[in-house]
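The values are calculated or read from the model by the stated rules, or taken from the named source; none is laboratory data. The structure displayed is predicted, hence computed values, not measured ones. Every residue, glycine as well, gets a Cβ built from its backbone with ideal geometry; the counts of neighbours run over all protein chains shown. Areas reflect the complete protein model, heavy atoms only, side chains present, ligands, DNA and RNA absent. Shrake-Rupley method; radii C 1.70, N 1.55, O 1.52, S 1.80 Å.
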Amino acid sequence: MADPSTYRPAPGAIPTSPGVYKFRDAHGRVIYVGKAKSLRPRLSSYFQDLAGLHPRTATMVTTAASVEWTVVATEVEALQLEYSWIKEFDPRFNVKYRDDKSYPELAVTLDEEYPRVQVMRGAHKKGVRYFGPYGHAWAIRETVDLLLRVFPVRTCSNGVFKRARQVGRPCLLGYIGKCAAPCVGKVSPDEHRALAEDFCDFMAGRTGNYLRRLEEQMREAAEEMEYEKAARLRDDIGALQRAMEKNAIVLADATDADLLAVAEDELEAAVQIFHVRGGRVRGQRGWVTDKVEDVDTAGLVEHALQQLYGGANPDERNESVPREVLVPALPEPAGPVRDWLSGLRGSQVDLRIPQRGDKKDLMATVQRNAQQALALHKTKRASDLTTRSRALQEIADALELDSVPLRIECFDISHLQGEDVVASMVVFEDGLARKSEYRRFQIKGFEGQDDVRSMHEVIGRRFRRYLREREQTGEWAVPEADDPGAAADGTGAPAGPIDPETGRPRRFAYPPQLLVVDGGQPQVAAAKRALDELGIDDVALCGLAKRLEEVWLPGEDDPVVLPRSSEGLYLLQRVRDEAHRFAITYQRSKRSKRLTAGELDSVPGLGETRRQALLKHFGSLKRLRAATVDELCAVPGIGRRTAETVAAALSSRTPVAPAVNTATGEIIEDGAEPAAEPVAAASQTAPSQETP
C-alpha cells in the first residue's frame, strides 16, 4: 500500500486550467482517469486525510504510485480526452458499463456495391447503417419480411449472391417479389442502391412522406383504371403500416429522443436506454456495471452518455445522437456534456430531465426496466451454484470457520426516531434466500431508540425459542420425563425438528452456522452477550458495518476486510440488504397502521366491511357517536348486539378534536366532515428520515 504523500505534487505545480489526469500504479499501469474544470482543486482533494475520503477513493490513491495530467482548452475537450483514455487504458477504478447481452441490430451494408439487409451483432463497422438494437433477432426478421414487399433489397449472403450470378437464376425471394434480383440484372446497381436508401429512410422514422406518396400513386392508378397496380400499392401500404404497428407510438409529437434511466445500489448499477424515433420505440439496450469508484447518479449518467455516443462511427453520429436526450439526473456541470453531444450531432441537442406529460411517463417505464435488469442480474449471479459455493468458502476462510456456513441468519433493527421499533430475521440456506424462514419481531423490553439494546433482546428471544425447541425435540432431557429421550408431548418419541401435525420444520428448530448482525462492534458485542447468557457457543457470529463494508468479529479490535471483488463479501452484503429491506417493510406497515388507526378499530367484533358501512351511512365519526342503538341497527349488516357494543365503545371515549382545514385554518363543520375516520396523529408532523 503506497503512501499518497510520497507522490503528491507541489500545490503550485498543478495548473488551474481544465484538463484530464491519470493515476498510475507502481508498474506504470493507468488505474484511474478523471477530468476537471480546474485541475488544482480536484487533484488536491485526493491528497487529504485518508479518513475523509470515500473508501473506494482511498483504495485508489493508496494503490497509485504517481499522478500526471494534461491541460486542454475547454471542458468539452476534457470530456472527449477522458473518454478516449478510458477506452485506451481500461482503468480498473473507472466505471465501465458492460452489455448484459449482445443485442442484435438491423444493418444495411451501404459500403457494398449491392447493399444487403441483415441482422448483425457486435462492434459497428464503417459504411454500415444500423437500426436498433432490438431485444430479439426474430423481431428484426419479422419487420424485414414485411418491408421487403415494398423495398425488395437483397438479404442473401455473398456466397449465395455470387452463385446466383454464376448460374443466372435468382433465389426464391427473387421469384416471389421480395428481392429485386440484382444478381441477374433485373435492376441496375443504382436502382438497387436507391431501394436500400429508401429502406434506411423508412427505418429512420421518415415514414409519413413515403406513405403519402404511395397513397397518391394508388389513387392515380385507380383513376386511370390500373386496378392491379392500385391493388399492389394498397397491399404495400398495408405492409408498411403493419411494420409500423410493431413499434407502438409512445410520443405523439413524432419526437426523436433517447431516454436513459439508472437503477443502482451500493455495489452495482444498471442502465437502460430506449431509442425513440418518430415517436416510436425503435430499440432498447441495457448495461450493468460495478461501482468501483465513488460516483453518484449524475456521474453514472455521464459515463453512460460517453459510452453510448462516444464510440459511434463519425459517419453515423448525426443519426445516433437525437435532438433530445432525456436523463434522470443532469451531469455536473451539464454544459460541457450538452456541447459535446451537440458537436457530435452537428446541431443543438437538448439534454434535460423530463418534468411532465408523456415523456415523464415513458421515463418511468424505462426506470422500471432498469430496476428489473438490475434485479435479474443479481438473481443470475446469486443463482449460480459455483459462485455461491465460492462465496461460502470465502466466508469460511475469512472468518476461520471449521466448515462453510450453509445456513446464515441475519438480524437488523428498524425504527422511526425511536417509534415502532422492530427487528427482522432473514435466512439464507446454501447462499439462497429461504423466505419461508423469515421472522419479524416487535421490541417489547423497553421503549425508545437503542439499537444495541434492541439487538440484545432480539438475539436472546430467537435463541431462547431455539433452546425450547431443542428441549421439545428430545435433544435435551425433560426434567419431568423418566426417559431422557422422551418428547415433551408425552408420546415417548422425540418429536424431531419437523412438526408432526403440519409436516413443516418447527419455527426455530434449526440453528444457523453463521449469525450476521447489521452493525459494527457494539451490535456484535450485544449479540455475543445474548448468546453467552444462554450458554450457546457453537454458533459463529459476525457483524457487517455498512459504511466501510467491514466484517467485525466478537472481541476483535480490528475488522476483517474482504476484497472488493470477493463473492463472499457480495453474499454478506446481499444478506444484510435483505434483512434491512424486510425490517423497513415491517416498520412502515406498523407506522401506517398506527397513524391511520381510528376509534372503531378497537371495537370487538367489528371488521373492516362493517366499519366502512357505518361511516358511509352516517357520514362522519361525530354523527356516528351521537347515533342511538336503533339508528345503528338500521345500517345493513349491523345487529342489535353489535350496535350496543359500538355505542358503548364510542360513548366511553373522549371525542377527538375538531377537524381543521390545513390550507385555510378553518374548523370543518359537522356537515362538511369527510366520510372517513379522523386520523388521531394527523396534526403531528411525521419525521421524514427512517433509521434502519
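For first residues located in segment 231-250 and assigned to a helix (DSSP H, G or I) and of a type in the set (A, V, I, L, M), partners that are modelled with pLDDT of 80 or more and open to solvent by 20 Å² or more (accessible area, probe 1.4 Å) and lie 6+ apart or on another chain with Cβ distances below 6 Å form the pairs Leu233/Gln217; Leu233/Met218.
The single condition among (1) closer than 30 Å to Leu341 by Cα; (2) modelled with pLDDT under 85; (3) open to solvent by 80 Å² or more (accessible area, probe 1.4 Å) that Glu75 does not satisfy is (3). For Ala78, the conditions (1) small (Gly, Ala, Ser); (2) more than 21 Å from His303 (Cα to Cα); (3) touching a residue at least 24 places away in the same chain (Cβ under 8 Å) all hold with the exception of (2).
Confirm whether Ala222 is part of a helix (DSSP H, G or I) and free of Cβ contacts under 8 Å to residues at least 40 places away in the same chain.
yes
If the condition is being among the small types (Gly, Ala, Ser) and open to solvent by 30 Å² or more (accessible area, probe 1.4 Å), then segment 153-202 contributes Ser157, Gly159, Gly168, Gly177, Gly185, Ser188, Ala194. The set of residues in segment 603-647 being part of a loop (DSSP other than H, G, I, E, B) and either hydroxyl-bearing (Ser, Thr, Tyr) or in contact with a Pro (Cβ under 7 Å, 6 or more places away or on another chain) (or both) consists of Ser620, Thr628. Count of segment 565-585 residues, restricted to those that are polar (S, T, N, Q), out of contact with any helix residue (DSSP H, G or I) (no Cβ under 7 Å at 6 or more places or on another chain) and under 20 Å from Gln393 (Cα atoms), is 2.
Among residues of segment 139-152 being assigned to a loop (DSSP other than H, G, I, E, B) and touching a helix residue (DSSP H, G or I) at 6+ places or on another chain (Cβ under 6 Å), the one that is surrounded by the fewest Cβ atoms within 10 Å (Cβ to Cβ) is Arg149.
When each of Ala51, Ala36, Ala13 is tested for being open to solvent by 80 Å² or more (accessible area, probe 1.4 Å) and either of a type in the set (A, V, I, L, M, F, W, C) or closer than 28 Å to Pro563 by Cβ (or both), the lone residue that passes is Ala51. Please indicate, with yes or no, whether at least one residue in segment 561-568 is at pLDDT 70 or above and assigned to a helix (DSSP H, G or I). The answer is yes; a qualifying residue exists. Tell me, please, whether a residue that is on the phi > 0 side of the Ramachandran plot, open to solvent by less than 40 Å² (accessible area, probe 1.4 Å) and at pLDDT below 80 can be found in segment 94-113. For segment 94-113, residues on the phi > 0 side of the Ramachandran plot, open to solvent by less than 40 Å² (accessible area, probe 1.4 Å) and at pLDDT below 80: absent.
Of the residues Ala675, Ala681, Ala663, the single one that is modelled with pLDDT under 75, open to solvent by less than 50 Å² (accessible area, probe 1.4 Å) and not in a helix (DSSP H, G or I) is Ala681. Just one of (1) free of Cβ contacts under 8 Å to residues at least 60 places away in the same chain; (2) within 21 Å of Glu409 (Cβ to Cβ); (3) surrounded by 16 or more Cβ atoms within 10 Å (Cβ to Cβ) fails for Val646. It is (2). Considering the conditions (1) over 24 Å from the mean Cα position of the chain (by Cα); (2) under 25 Å from Ala270 (Cα atoms); (3) touching a residue at least 60 places away in the same chain (Cβ under 8 Å), Arg407 is excluded by exactly one of them, (2).
For (1) open to solvent by less than 30 Å² (accessible area, probe 1.4 Å); (2) hydrophobic (A, V, I, L, M, F, W, C); (3) modelled with pLDDT under 80, each residue gets a yes or a no:
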site	(1), (2), (3)
Ala261	yes, yes, no
Gly279	yes, no, yes
Gly283	yes, no, yes
Trp287	yes, yes, no
Lys291	yes, no, yes
Ala298	yes, yes, no
Glu302	yes, no, no
Leu305	yes, yes, no
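Determine whether segment 540-554 contains at least one residue that is over 25 Å from Ala51 (Cβ atoms) and either touching a Cys at 6+ places or on another chain (Cβ under 7 Å) or at pLDDT below 85 (or both). No, because not a single residue in segment 540-554 is over 25 Å from Ala51 (Cβ atoms) and either touching a Cys at 6+ places or on another chain (Cβ under 7 Å) or at pLDDT below 85 (or both).
Quick check on segment 37-55. Is at least one of its residues over 32 Å from the mean Cα position of the chain (by Cα), among the small types (Gly, Ala, Ser) and either under 16 Å from Trp85 (Cα atoms) or not in a helix (DSSP H, G or I) (or both)? Within segment 37-55, one or more residues are over 32 Å from the mean Cα position of the chain (by Cα), among the small types (Gly, Ala, Ser) and either under 16 Å from Trp85 (Cα atoms) or not in a helix (DSSP H, G or I) (or both). Residue by residue through segment 575-590, note down the ones that are over 15 Å from Cys542 (Cβ atoms) and either charged (D, E, K, R) or in contact (Cβ under 8 Å) with a residue 24 or more places away in the chain (or both). Matches in segment 575-590: Asp577, Glu578, His580, Arg581, Phe582, Ala583, Ile584, Tyr586, Gln587, Arg588, Lys590. Which is modelled with pLDDT of 80 or more, open to solvent by 10 Å² or more (accessible area, probe 1.4 Å) and among the charged types (D, E, K, R), of Glu332, Glu266? The conditions single out Glu332. Where strands (runs of 3 or more DSSP E) fall wholly inside segment 385-447, the ranges with 2 or more residues that are of a type in the set (A, V, I, L, M, F, W, C) and open to solvent by less than 70 Å² (accessible area, probe 1.4 Å) are 407-416, 419-429.
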